[in-house]
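Take a look at the structure set out below.
The values are calculated or read from the model by the stated rules, or taken from the named source; none is laboratory data. Just so you know, these numbers come straight off a predicted model, no measurement behind them. Methodologically, a virtual Cβ is constructed for each residue, glycine included, from the backbone with ideal geometry; neighbour enumeration extends over all protein chains shown.
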Amino acid sequence: MIISNVEHFEAERHLWPAAIQRGIDYILNRKLGEAVLGRYDLEGEKGVLMYANVQESVTRPSLEQVPESHAVYTDIQFLVSGEEKICFYKLHSGAQVVDNKFETHDIAFYESDPAEQETEILLKPGMFAVCFPSDIHRPNCVINESQTIKKIVVKVHKDLL
C-alpha cells in the first residue's frame with residue numbers, strides 16, 4: 001500500500017511505478033475532482049488498462065463495510081471531499097472469501113475476522129491510498145460521524161505494473 005497526498009506527489013513520484021504516477025497525473029491534470037460522477041476511460045481500448053470512477057458515497061462504521069480485494073486491478077483511492085477511514089491488512093492464506101466475484105467484477109469480499117489486526121488510514125481531501133491486489137481493504141469507513149464523501153478510484157490493470 002502507498003499512502004500520500006498531492007503536496008508530496010512531485011517529491012515522491014519517482015519512488016512509485018510509472019502507471020501509479022500516470023494515474024495521479026490523470027486525476028490532477030484532467031481535473032477529475034471537478035468531474036461529474038461516472039466512469040472515465042484513461043488508457044487502453046474502452047479503458048481496459050486504466051479507468052477512473054468518480055463517485056460519492058456515505059461513510060459507514062467499519063464493521064458494516066465488508067473487506068475486499070481485487071485480482072486484476074490496483075486501486076488508487078483519491079479523496080476529493082469529506083473524510084474517510086480505510087482499514088487494510090495483507091491478503092493471507094487464512095482469509096475467508098464469502099463472495100467471490102473475481103471473474104465478473106474483479107472483486108472478492110471476505111469474512112470479517114476480529115483476530116485480524118487491521119491498519120487504519122485516515123484520508124482527508126488531497127490524500128490518496130494505493131491498494132494493491134495483496135491488500136485487503138475496507139474503504140468508506142466513518143471517522144467521527146457518517147458523511148458524504150467524493151472520491152476518485154483509478155483502476156490500474158496488472159499488465160501496467
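Structure values in brief
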{"item": "Selection status of Ala115, in a loop (DSSP other than H, G, I, E, B), aliphatic (A, V, I, L, M) and farther than 21 Å from Leu160 by Cα", "result": "yes"}
{"item": "Pair list, Cβ under 8 Å, 6 or more apart: region 9-29 residue closer than 16 Å to Tyr51 by Cβ, other residue among the acidic types (Asp, Glu) and not in a helix (DSSP H, G or I)", "result": "Arg22/Glu43"}
{"item": "Subset of region 71-108 [closer than 30 Å to Val6 by Cα and either among the aromatic types (Phe, Trp, Tyr) or in a loop (DSSP other than H, G, I, E, B) (or both)]", "result": "Ala71, Val72, Tyr73, Phe78, Gly82, Glu83, Phe88, Tyr89, Leu91, Asp106"}
{"item": "For Gly47: the one exception among (1) of a type outside the set (Asp, Glu); (2) touching a strand residue (DSSP E or B) at 6+ places or on another chain (Cβ under 7 Å); (3) modelled with pLDDT of 95 or more", "result": "(3)"}
{"item": "Pair list, Cβ under 7 Å, 6 or more apart: region 88-117 residue under 16 Å from Gln65 (Cβ atoms), other residue part of a loop (DSSP other than H, G, I, E, B) and of a type in the set (S, T, N, Q)", "result": "Tyr89/Gln117; Tyr110/Gln96; Glu111/Gln96"}
{"item": "One residue from Lys90, Lys31, Lys46, Lys85 being among the basic types (Lys, Arg), loosely packed, with under 14 Cβ neighbours inside 10 Å and on the phi < 0 side of the Ramachandran plot", "result": "Lys90"}
{"item": "In region 50-65, the residues that are modelled with pLDDT of 95 or more and of a type in the set (A, V, I, L, M)", "result": "Met50, Ala52, Val54, Val58"}
